[in-house]
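Peer 1: Structure below; questions to follow.
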Amino acid sequence: MKRLSADQKRRQLIHAKKLERRRLGARRGKRRRRFSPRTPYDGPKTRDQIKIDLPAVLSLEDNYDGVMAFFQRFRYAALIDKKKIYVDFRLLRKVHSNAALMLAAELDRWRRFRGIPLRARQLEQWQPEVRRLLNEMGLFELLDVANKPRPAKSQADLNYIKFQTHNLVEGNLATQLRFALEEHAGKITTKQFLFGGLTEAMTNVVHHAYPDDGEFAYPPIRNQWWMAGSVNSSEKRLTVIFFDHGVGIPTTLPATYTLEKIKEVLSTLGLIDTDASRIKAAMELGRTATRQQNRGRGLLNIRRFVDKSRKGQLKIFSGHGEYAYSSDGQEKTTTHKIPIGGTLIQWTIYP
Amino acid sequence: MSRTLKVSREFSAEPAGRFRTDGPNSGERFREELLIPALKKVEGKLVVDMNDLEGYGSSFLEEAFGGLIRSEFTPKQLHDKLEILADDPALAQEVWSYIDNNRSR
């Protein structure tokens, strides 16, 4: 065999590399074309992909168990099993901003862990109103979806405020949300309490929700929170929702107060130790902590927006518990079978 | 001679969070960068003007003002030197509660 000079060897190597690059380039090109936005989507491409249907009613008030069954299935498949999945939106008929925010947060977490952009499928088969609402809420922007639908004309009496997310206490985002609400609701005279409630919710997330030694059922994005809002102008009602994927108030409460103190308060309130009663106890501890302790007043700030409004309600879902507080002083606790997977705070205000 | 420290102009109209690591406009940053230097420099009263803020949370207030007691001031010194200006009387009351009910380190 003819012996090659060093120069010939170098040229052959360059040539071989060129051929390999061309070969890979052709493959990549094919793959790119397959996922090109110009290619209309006509259903799942791979056999090993799991289809997960959204429930017809995406609302914690009207369908808590159905909504949470969806999230449980999605979280397990996406974050534990790490399967290829797609979420089918075609059955979805009714959307409330609380579960919509949870959905946005869930898809946001999934997108960040996967590290690749998401695409909306079969958009033309979604209910037009669902498509419009999710678009108005900024779902496609939050998830950086390439093929987002065109904005549709909104209903006159219901407007959604775009989702926001961060991992710090950012007061300017609370102000931005207030401005967006006021565009539809008019001036909010109790704005300082909205700001106080939201920034305390952010502070609670940064300090307590994602402890370093926390046991998470599903991997979280540390310190991340999401918020959204809506205005029903005919009913003069505004809703603000705040959500995180943390360990939850019932779990973090013993980090702020001793177990003895928590049990003492539960006993005073005549409650057995459940997640829901722990949220109520956290409220009570925040109220009584003003003179003895320098922390623990965050939840009181969160409730104050309701107290200072003409009429309103605060709901906190955390762990298995749900706590509701009305401006007339009524409190109600509920225990759910499936935990919410974080903490969701909802203010419904008639300013 | 007294000096007025207007929080919304000299610090932020959106004060929020306790520690510097929480976010850009925390109580800790306000206390260390503005409040303590102003208290040390002023010869008369320091008037902290809390009006025109977007709002306030207890974490910010407690860390900013309650933190003074944990660092180097006594409640008596602050009653002599500090004045809180706020249209909402509950706000001034809350600030003083953090000063008066705080345990020093």
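Peer 1: If packing is taken as the average count of other Cβ atoms within 10 Å, what order do A:303-312, A:61-70 fall into, highest mean first?
Peer 2: A:303-312, A:61-70
Peer 1: Let me ask another. Can you sort A:Thr334, A:Thr268, A:Thr258 by solvent-accessible area, 1.4 Å probe, largest first?
Peer 2: A:Thr268, A:Thr258, A:Thr334
Peer 1: So, one more: Partner chain Cβ atoms within 10 Å, averaged over the residues of B:9-19 - can you pull that number for me?
Peer 2: 5
Peer 1: How big is the antiparallel share of DSSP beta bridges in the protein assembly as shown, given as a percent to the nearest 5?
Peer 2: 75
Peer 1: What is the Cα convex hull volume of segment B:3-100 when expressed per residue in Å³?
Peer 2: Looking at segment B:3-100, the number lands at 84 Å³ per residue.
Peer 1: Let me ask you something else. Can you tell me the relative contact order of segment A:216-351? Whole percent, Cα pairs under 8 Å, sequence separation 6 or more.
Peer 2: Normalised by residue count, the contact order of segment A:216-351 is 29 percent.
Peer 1: In segment A:178-216, which residues become less accessible by 40 Å² or more once every protein chain is in place, relative to the chain on its own, using a 1.4 Å probe?
Peer 2: Correct list: A:Gln192, A:Phe195, A:Glu200, A:His207.
Peer 1: Note the buried accessible area between B and A here, summed over both chains, with a 1.4 Å probe, in Å² to the nearest 100.
Peer 2: Counting protein atoms only, the buried area is about 2000 Å².
Peer 1: Now for a separate question. Taking amide H atoms as placed 1.01 Å from N in the peptide plane, list the residues 5 or more away in sequence, or in a different chain, whose amide H sits under 5 Å from that of A:Asp88.
Peer 2: For A:Asp88, the qualifying residues are A:Ile52, A:Asp53, A:Leu54.
Peer 1: Work out the mean other chain Cβ neighbour count within 10 Å for the residues of A:297-305 and drop it here as an integer.
Peer 2: Rounded to a whole number, the mean comes out at 3.
Peer 1: Taking loop as defined by DSSP and a crowding limit of 13 other beta carbons within 10 Å, which GluC sites (Glu not before Pro) in segment B:1-95 fit?
Peer 2: Passing sites in segment B:1-95 are B:Glu43, B:Glu72.
Peer 1: Quick one: dipole size for segment B:3-100, taken about the Cα centre, charges +1 on Lys/Arg Cβ and -1 on Asp/Glu Cβ, in debye to the nearest 20.
Peer 2: 420
Peer 1: For chain A, what is the accessible area per residue in Å², given a 1.4 Å probe and the full set of protein chains?
Peer 2: 51
Peer 1: OK, next. Go ahead and run the numbers for FRET between A:Asp307 and B:Glu33, Cβ-Cβ distance against an R0 of 22 Å, rounding to 0.05.
Peer 2: Efficiency for this residue pair is about 0.10.
Peer 1: If you don't mind, there's one more thing I want to ask. Which whole-Hz couplings ³J(HN,Hα) result when phi for each residue of segment A:48-56 is put into the Karplus expression 6.51 cos²θ - 1.76 cosθ + 1.60, θ = phi - 60°, listed in order with x for Gly and Pro?
Peer 2: For segment A:48-56, the Karplus curve yields 8, 8, 9, 9, 10, 7, 6, x, 5 Hz.
Peer 1: Right, here's the next one. In peptide B:22-28, what is the residue-averaged number of other protein chain Cβ atoms found within 10 Å of each Cβ?
Peer 2: The per-residue average across the peptide is 5.
Peer 1: Between B:His79 and B:Met1, what is the spin-label point distance in nm, taking each point 7 Å from the Cα along the Cα→C-beta axis?
Peer 2: With each label placed 7 Å out from Cα toward Cβ, I get 2.9 nm.
Peer 1: Rounded to the nearest 500 deg cm²/dmol, what is the calculated helix-only ellipticity per residue at 222 nm for chain B, with -39500 (n - 2.57) per DSSP H run of length n ≥ 4?
Peer 2: The per-residue figure over chain B is -9000 deg cm²/dmol.
Peer 1: In the protein assembly as shown, if the dipole is taken from +1 on Lys/Arg beta carbons and -1 on Asp/Glu beta carbons about the Cα centre, which of A:Pro117, A:Leu177, A:Asn204 is farthest to the positive end?
Peer 2: About the Cα centre, the residue reaching furthest to the positive side is A:Pro117.
Peer 1: Could you tell me which residue out of B:Ala92, A:Ala99, A:Tyr350 lies farthest along the dipole of the protein assembly as shown toward its positive end? Charges go on the beta carbon: Lys and Arg +1, Asp and Glu -1, centred on the Cα centre.
Peer 2: A:Ala99
Peer 1: Quick one: putting +1 on the C-beta of Lys and Arg, -1 on the C-beta of Asp and Glu, what dipole do you get for chain A around its Cα centre, in Debye to the nearest 20?
Peer 2: With only Lys, Arg, Asp and Glu charged at Cβ, the dipole is about 3260 debye.
Peer 1: Taking the Cα centre of segment A:235-351 as origin and charging only Cβ (+1 Lys, Arg; -1 Asp, Glu), how large is the dipole, in debye to the nearest 20?
Peer 2: Charge dipole, segment A:235-351, about its Cα centre: 440 debye, nearest 20.
Peer 1: In whole percent, what relative contact order does segment B:3-100 give with Cα contacts below 8 Å and a gap of six or more residues?
Peer 2: Computed value for segment B:3-100: 32 percent relative contact order.
Peer 1: Let me ask something else about it. Using only the alpha-carbon atoms, what does segment A:182-265 span along each of its principal axes? Please give whole angstrom values in decreasing order.
Peer 2: Sorted largest first, the three principal extents are 45, 33, 20 Å.
Peer 1: For chain A, what does the helix formula give at 222 nm: sum of -39500 (n - 2.57) over DSSP H segments with n ≥ 4, over the residue count, nearest 500 deg cm²/dmol?
Peer 2: Helices in chain A give a 222 nm mean residue ellipticity of -13500 deg cm²/dmol.
Peer 1: Mind telling me which of A:Gly186, A:Gly138, A:Gly248 comes out most flexible in a GNM of chain A, alpha-carbon contacts under 10 Å?
Peer 2: Sorting by GNM fluctuation, first place goes to A:Gly186.
Peer 1: Given the whole protein assembly as supplied and a 1.4 Å probe, what does the accessible area of A:Asp81 come to in Å², nearest 10?
Peer 2: 80
Peer 1: Give me, ordered by chain and number, the residues 5 or more places off B:Asp49 or on other chains with an amide H under 5 Å from its own placed amide H.
Peer 2: Here B:Leu5, B:Lys6, B:Val7, B:Leu85 satisfy the definition.
Peer 1: Here's something else I'd like to know. Relative contact order for chain A: what is it in percent, counting Cα pairs under 8 Å that are at least 6 residues apart?
Peer 2: After rounding, I find 14 percent.
The values are calculated or read from the model by the stated rules, or taken from the named source; none is laboratory data. In this text the structure is predicted, and so the values were computed from the model without any measurement. All Cβ positions, even for glycine, are placed from backbone atoms using ideal geometry, and neighbour counts span all protein chains on display. In case anyone asks, the SASA skips ligands and DNA or RNA and just uses the protein heavy atoms, side chains included. Shrake-Rupley method; radii C 1.70, N 1.55, O 1.52, S 1.80 Å.
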